[in-house]
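Notes follow once the structure below has been shown.
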Amino acid sequence: MTETINEKLCPFCQSSNHCMAHEAQTCWCSKTKIEKGLIALVPPEKKKKACICFSCNQTYKENPAKFEKQLLRN
């Protein structure tokens, strides 16, 4: 069974990612750095299909090891 990917949900926490890539407004992600290490953690089936949310991006920046550990628990 193929999972339907909701591009509006963060691939980590499943909360709204507030992506504005397809809107007239500038997206929040254009004003901050998304770490390559965090991008590498996105499941392959969701890469370039669902954006990371601001909260997960900040949490990863504050403590990458803790973020990864929490991710493995889920």
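The values are calculated or read from the model by the stated rules, or taken from the named source; none is laboratory data. For clarity, every value in this text was computed on a predicted model and none was experimentally measured. Here the Cβ positions follow ideal geometry from the backbone for every residue, glycine too, while neighbour counts run over all protein chains shown.
For the range 30-47, which positions are among the hydroxyl-bearing types (S, T, Y) and assigned to a helix (DSSP H, G or I)?
S30
Report yes if some residue within the range 46-59 is surrounded by 13 or more Cβ atoms within 10 Å (Cβ to Cβ), at pLDDT 90 or above, over 10 Å from the mean Cα position of the chain (by Cα) and not charged (D, E, K, R); otherwise report no.
Yes: the range 46-59 contains one or more residues that are surrounded by 13 or more Cβ atoms within 10 Å (Cβ to Cβ), at pLDDT 90 or above, over 10 Å from the mean Cα position of the chain (by Cα) and not charged (D, E, K, R).
Looking at (1) surrounded by 12 or more Cβ atoms within 10 Å (Cβ to Cβ); (2) more than 11 Å from the chain's Cα centre (by Cα), find the lone condition where H18 falls short.
Only one criterion is unmet by H18, namely (2).
Do we find that A24 is assigned to a helix (DSSP H, G or I), surrounded by fewer than 16 Cβ atoms within 10 Å (Cβ to Cβ) and out of contact with any Asp or Glu (no Cβ under 7 Å at 6 or more places or on another chain) in this structure?
So A24 fails the test.
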